[in-house]
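Before any comments, here is the structure.
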Amino acid sequence: YTAHEQVAAGYIQLDIDLLKNLQFISVVRIEHTAQDYATEMSAIADGKYGSVNYTDLLPSGTLKYSINQQQVLRASYFRSIIRPEFYELVPSEDHGTTFNVFGHARLRHTRADNYDLKYAWFGSGSDQISLGAFYKSIYDPIEYGVTRKGPSAQFFMPQNFWTAHNYGIEAVFTKFVGMFGLSLNYTYTNSKI
């Protein structure tokens, strides 16, 4: 197959100092996506050609509070998208040993609302400690599922599933002594679909 993707985007940004130590940053981004493909299938086959077009409004906002010169607290929200890969969108077949995999021409793109809260301490040089928590609501996530084709054949196909939820915490510690550094990272995440 042959496939194309074109993305046009624009945004506006607003930065406001609400108080001496409190800043609000907001960005509104708009993206238009156009994807199309042509396959080597017979001209009478369903899915020989296909195209999808969609436009997304992607707002975001961050409140940044500077506790002092070395400590910052941030709370943010942003909307994001994930576009289907070409091999997920094009209705072609990949023969596997256990299951065949088919593309899905009617696959929708994924959208997500993301919420983050983060505390950061910046020491001398590149030393830092940060602690954060996050939550995401993910709409139309793309996952592979088993589907039947005919009375007995089964195959994998990317599909849009219901709303997924993902949340967790993250801690990062970085310390340098001369040229040598140590960085530790711990992340806990919980996902449900």
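Summary table below
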read-out	value
With DNA, RNA and ligands ignored, accessible area of W121 (1.4 Å probe; Å², nearest 10)	80 Å²
Packing-based ranking, highest mean first, of 71-77, 172-178 given that Cβ atoms within 10 Å are counted	71-77, 172-178
Values of log10 I(q)/I(0), in the order q = 0.21, 0.24, 0.27 Å⁻¹, for segment 141-193 under a Debye, Cα-only, solvent-free model	-0.85, -0.93, -1.00
Within straight-line cross-link reach of K20, lysines at Cα separation under 18 Å, skipping those fewer than 8 residues along the same chain	K64
Accessible area (Å², per residue) of the chain, counting only protein heavy atoms and a probe of 1.4 Å	66 Å²
Carbon and sulfur %, accessible surface of the chain computed with the full protein complex present, 1.4 Å	58 percent
Kirkwood Rh, angstrom, segment 81-193 [1 / mean 1/r, Cα pairs]	17.4 Å
Projected area, mean over directions - segment 110-164, Cα convex hull, nm²	6.0 nm²
Cα-only radius of gyration and Dmax that characterise segment 60-104, units Å	22.0, 60
Proximal lysines relative to K149, as straight alpha-carbon distance under 23 Å, when same-chain residues fewer than 8 apart are discounted	K48
Eligible aspartates and glutamates near K136 by straight Cα distance, threshold 20 Å, same-chain separation 8 or greater	D56, D113, D116, E170
At 0.890 mPa s and 25 °C, Stokes D of segment 1-81 from Kirkwood alpha-carbon radius, µm² per second	153 µm²/s
Stokes-Einstein diffusion coefficient of segment 12-156, Kirkwood radius over Cα pairs, 4 °C, 1.567 mPa s, in µm²/s	67 µm²/s
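The values are calculated or read from the model by the stated rules, or taken from the named source; none is laboratory data. Note that the coordinates shown come from a computational prediction; the quantities given were computed from them, not determined experimentally. Cβ atoms come from the backbone with ideal geometry, glycine included; neighbour counts cover every protein chain shown. In case anyone asks, the SASA skips ligands and DNA or RNA and just uses the protein heavy atoms, side chains included. Shrake-Rupley method; radii C 1.70, N 1.55, O 1.52, S 1.80 Å.
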